[in-house]
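J.: Sending over a structure as structure tokens; questions will come in a sec.
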Amino acid sequence: MTRPNATQSSASRTRRLDHHMETTAAASGPVADLDASLHATRLDDPASPSKQQQHDPAPTMPRSPQPTLEEVRSRLLRRPMEPSLAMSRETSEHVVRLLKERGRGEEVRLSVLAGVKRAVHRIMGDREAQDVFVALVYACRERFDELQGIVQAVVASNDNGFHTRVAEQDDRAGALEQLCVAVRPYPSLYIPLVVWLLREHLLEQCDGILLAIHCFATMDYKDYSILIRIAIFNIDEMLSSAFGSRLLEECFFCAKGDELCALEEIILSRTSEFAKGLYSNYFLQRVLEDSYPPLSGDVVERVAADVASLAADRFGSCVVETCFLRTRSPAAALQRVLAAFLGLRDDQLAELVRGGYSSHVVRKLLATGKDRFTEETLALARRIKRLPAAVREEVHARQVMEVVESLLPYRSACTTHDDASKYLRSCM
């Protein structure tokens with residue numbers, strides 16, 4: 001046998017290798033084709049998703065450039081200001097700056113004024129737009145017609161969400177306060193604005209007590225009497241808050257004529273009710289302290305007539321004490337309250353002696369009456385000492401009994417009213 005040469009051997013091996021690859025492809029079928037395709041896609045295809053995700057940056061929205069100062073000026077000079085210019089931080093700063101400029105500032109001011117009047121509550125209640133509103137008010141401060149337009153827009157506008165936005169602001173009603181300051185020289189604008197604030201329950205947020213006091217101190221009664229009439233009409237609502245009670249006090253002491261008569265009639269017809277109120281008791285105490293007879297005496301008379309109920313009440317007890325401690329006619333008030341206590345039945349007096357609030361009133365009454373009305377005070381002390389032991393030994397009653405015992409031990413040794421008075425003064 002002859003050996004094949006190298007060329008023949010190589011060709012033979014090539015034919016065998018091709019036959020093997022064909023056989024393998026036939027056995028693998030579509031699976032091999034798919035694997036090869038995926039392999040080619042992963043490694044070679046530049047349009048494959050993985051390569052795009054790896055190399056292509058994420059799309060971004062182009063940012064629109066913010067308007068420049070001159071662009072804002074141009075928009076204001078062409079038409080009334082759009083509210084969006086005042087409510088954007090970037091553009092509101094430009095509007096404020098333009099309002100402060102000289103030269104063409106009048107045209108800018110009128111444009112901003114027209115825009116503010118169209119959406120006044122939206123602008124006043126917005127944090128960014130508030131600066132624009134304040135700058136506009138300052139620019140209009142000596143122009144009555146323009147201030148009148150702003151006030152009329154504020155008073156006439158109906159925006160239910162305005163109160164909520166004002167309440168949520170840290171600086172509260174700063175825009176309203178600045179408007180009140182600007183219109184202060186003009187009663188015909190100031191009064192309607194304050195009245196609107198009162199009706200819309202915004203006066204408290206604008207330091208309303210000072211606003212009202214300014215009205216009462218600097219303006220004619222015919223101008224501000226409407227505030228007092230509104231307070232009278234809404235007196236129950238006024239007395240449901242500390243602010244309302246305080247404002248009603250100012251209205252009462254500045255009231256005249258028919259308004260004063262109406263308030264006095266209400267006070268005298270509802271004395272006990274006001275004395276027991278959470279806030280109205282403060283109003284009634286102020287009336288007792290600072291009003292003159294005959295009103296203060298009439299109020300004391302009504303308190304004395306219901307002393308058993310009022311002295312036992314948390315707030316009413318304070319009113320009873322005010323009657324004989326802080327009125328302008330303390331002697332007469334003290335005598336009337338002592339007489340009221342002496343006129344109580346034993347069971348009523350016992351309840352007051354052992355009550356938490358009322359026992360304090362009894363102690364104060366005995367200590368205050370010992371000098372001016374010694375006989376009446378001692379008579380009340382003797383009645384208290386004759387109460388049942390079970391009453392006198394209760395917690396609050398023990399404190400009353402300490403005062404009673406200090407008044408009575410040597411009463412028999414005192415032969416005259418003066419002797420009793422001297423002794424009481426020495427031992428209290």
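The values are calculated or read from the model by the stated rules, or taken from the named source; none is laboratory data. In this text, all values refer to a predicted model and were calculated from it rather than measured experimentally. Cβ coordinates were reconstructed from backbone atoms using ideal geometry, including for glycine residues, and neighbour counts include every protein chain displayed. Heavy atoms of the whole protein, side chains included, go into the accessibility calculation; ligands, DNA and RNA do not. Shrake-Rupley method; radii C 1.70, N 1.55, O 1.52, S 1.80 Å.
J.: Would you check the accessible area of residue 71, probe 1.4 Å, heavy atoms only, in square angstrom rounded to 10?
T.: Only protein atoms counted, so the area is about 90 Å².
J.: While we're on this one: Going by the alpha-carbon gyration tensor, a ≥ b ≥ c the square roots of its eigenvalues, is the range 103-155 rounded (a/c under 1.5) or, if a/c is not under 1.5, prolate (a/b greater than b/c) versus oblate?
T.: oblate
J.: Compute the separation of the alpha-carbon centres of the range 194-214 and the range 380-406 and state it in Å as a whole number.
T.: Here the answer is 50 Å between Cα centres.
J.: Here's a follow-up. Among rounded, prolate and oblate, which fits the range 169-261 when a ≥ b ≥ c are the square roots of the eigenvalues of its C-alpha gyration tensor, a/c under 1.5 means rounded, and a/b larger than b/c means prolate?
T.: Since a/c reaches 1.5 but b/c is at least a/b, the shape of the range 169-261 is classed as oblate.
J.: Just the accessible area for residue 70, please: 1.4 Å probe, Å², rounded to the nearest 10?
T.: Spelled out: residue 70, probe radius 1.4 Å, area about 100 Å².
J.: Along each principal axis of its Cα atoms, how long is the range 183-318 end to end? Whole angstroms, biggest number first, please.
T.: Principal axes ranked by extent give 51, 28, 21 Å for the Cα atoms.
J.: Could you order the peptides 364-373, 205-214 from most to least packed, using the average number of other C-beta atoms within 10 Å per residue?
T.: Result, highest mean Cβ count within 10 Å first: 364-373, 205-214.
J.: Can you divide the C-alpha Rg of the range 343-394 by 2.2 N^0.38 Å and report the result to two decimal places?
T.: This ratio for the range 343-394 stands at 1.09.
J.: Pull out the extension gain between residue 348 and residue 234, defined as 0.36 nm times the separation in residues minus the alpha carbon to alpha carbon distance; nm, one decimal.
T.: 37.4 nm
J.: So for each of 336-348, 121-133 I average, over its residues, the number of other beta carbons within 10 Å; can you give me the resulting order with the highest mean first?
T.: 121-133, 336-348
J.: Hey, with R₀ at 60 Å, roughly what FRET efficiency would residue 188 and residue 375 work out to, going by the Cβ-Cβ distance, to 0.05?
T.: Between residue 188 and residue 375 the formula returns 0.45.
J.: How big is the Rg/Rh ratio for the range 253-384, C-alpha atoms only, Rh by Kirkwood, two decimals?
T.: 0.98
J.: Just to make sure I understand: if all protein chains stay in place, what is the order of 190, 221 by accessible area at 1.4 Å, largest first?
T.: 221, 190
J.: At 20 °C and 1.002 mPa s, what whole-number value in µm²/s does Stokes-Einstein give for the translational diffusion of the range 201-240, with Rh from the Kirkwood sum over Cα pairs?
T.: Here the translational diffusion coefficient equals 197 µm²/s.
J.: Note the full-extension length gain between residue 226 and residue 253 as 0.36 nm times their separation in residues minus their Cα-Cα distance, in nm to one decimal.
T.: The span from residue 226 to residue 253 would gain 8.2 nm if fully extended.
J.: Something else: Can you sort 314, 184, 75, 102 by 1.4 Å-probe accessible area, starting with the largest?
T.: Largest to smallest exposure gives the sequence 102, 314, 184, 75.
J.: Can you order the peptides 317-329, 262-274 by their average number of other Cβ atoms within 10 Å per residue, highest first?
T.: Highest mean packing first, the order is 317-329, 262-274.
J.: Another question, then. Once fully extended, how much extra length lies between residue 382 and residue 90, figured as 0.36 nm per residue of separation less the alpha-carbon to alpha-carbon distance?
T.: Additional length available on full extension: 97.0 nm.
J.: Rounded to the nearest 20 Debye, what is the dipole magnitude of the range 162-317 about its Cα centre when Lys and Arg each give +1 and Asp and Glu each give -1 at the C-beta?
T.: Using only the charged Cβ atoms, the result is roughly 120 debye.
J.: Related question: Could you tell me what percent of the accessible area of the range 341-389 is made up of carbon and sulfur, with a 1.4 Å probe and every protein chain present?
T.: Ligands and nucleic acids excluded, carbon and sulfur reach 49 percent.
J.: How far apart, in nanometres, would the label points at residue 301 and residue 70 be if each is projected 7 angstrom from Cα along the Cα-to-Cβ direction?
T.: Going from the residue 301 label point to the residue 70 one covers 8.3 nm.
J.: Taking +1 at the Cβ of each Lys and Arg and -1 at the Cβ of each Asp and Glu, which of 227, 319, 269 sits farthest along the dipole of the range 219-362 towards its positive end, judged by Cα position relative to the Cα centre?
T.: Value computed over the given set: 319.
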